[in-house]
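Have a look at the structure below, then the notes.
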Amino acid sequence: MIGESVREDFMHTYGFKIKNTIFSDHANRIFFKKNICAVSITQMSLMNTVALMYFSNR
């Protein structure tokens, strides 16, 4: 699940008082905080982020 057009202060997962992220509250997940996209196209940005995670954990 990608929350590309939502602010974290409006998500229950990050502390918002209304329970509006029921799936992500309980799923096995990885959260990125303060992520800055390298490009404006979601697919390319995700490829860069996942590649950076993969190569930095080797």
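The table for this structure:
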| read-out | value |
| --- | --- |
| Calculated volume of the Cα convex hull per residue in Å³ (choose from (i) 95; (ii) 75; (iii) 29), label | (i) |
| Debye, to nearest 20: dipole size of the chain, +1 on Lys, Arg Cβ, -1 on Asp, Glu Cβ | 140 |
| Degrees, to the nearest 10: 42-56 long Cα axis against longest axis of the chain | 70 |
| Å² per residue, accessible surface of the chain at 1.4 Å | 92 |
| Rounded to whole Hz, the Karplus (6.51, -1.76, 1.60) HN-Hα couplings of the stretch 26-34, x for glycine and proline | 10, 7, 6, 8, 10, 10, 9, 10, 6 |
| The chain: calculated mean residue ellipticity at 222 nm from DSSP helix runs of at least 4, using -39500 (n - 2.57) | -10000 deg cm²/dmol |
| Carbon and sulfur %, accessible surface of the chain computed with the full protein complex present, 1.4 Å | 60 |
| Cα lying deepest toward the dipole's positive end in the chain, options Thr21, Ser45, Phe31, charges on Cβ | Phe31 |
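The values are calculated or read from the model by the stated rules, or taken from the named source; none is laboratory data. Model, not experiment: these values are computed from the prediction. So basically every Cβ, Gly included, is an ideal-geometry build from the backbone, and we count neighbours across all protein chains shown. Just so you know, the surface numbers come from the protein's heavy atoms only, side chains and all, with ligands and any DNA or RNA stripped out. Shrake-Rupley method; radii C 1.70, N 1.55, O 1.52, S 1.80 Å.
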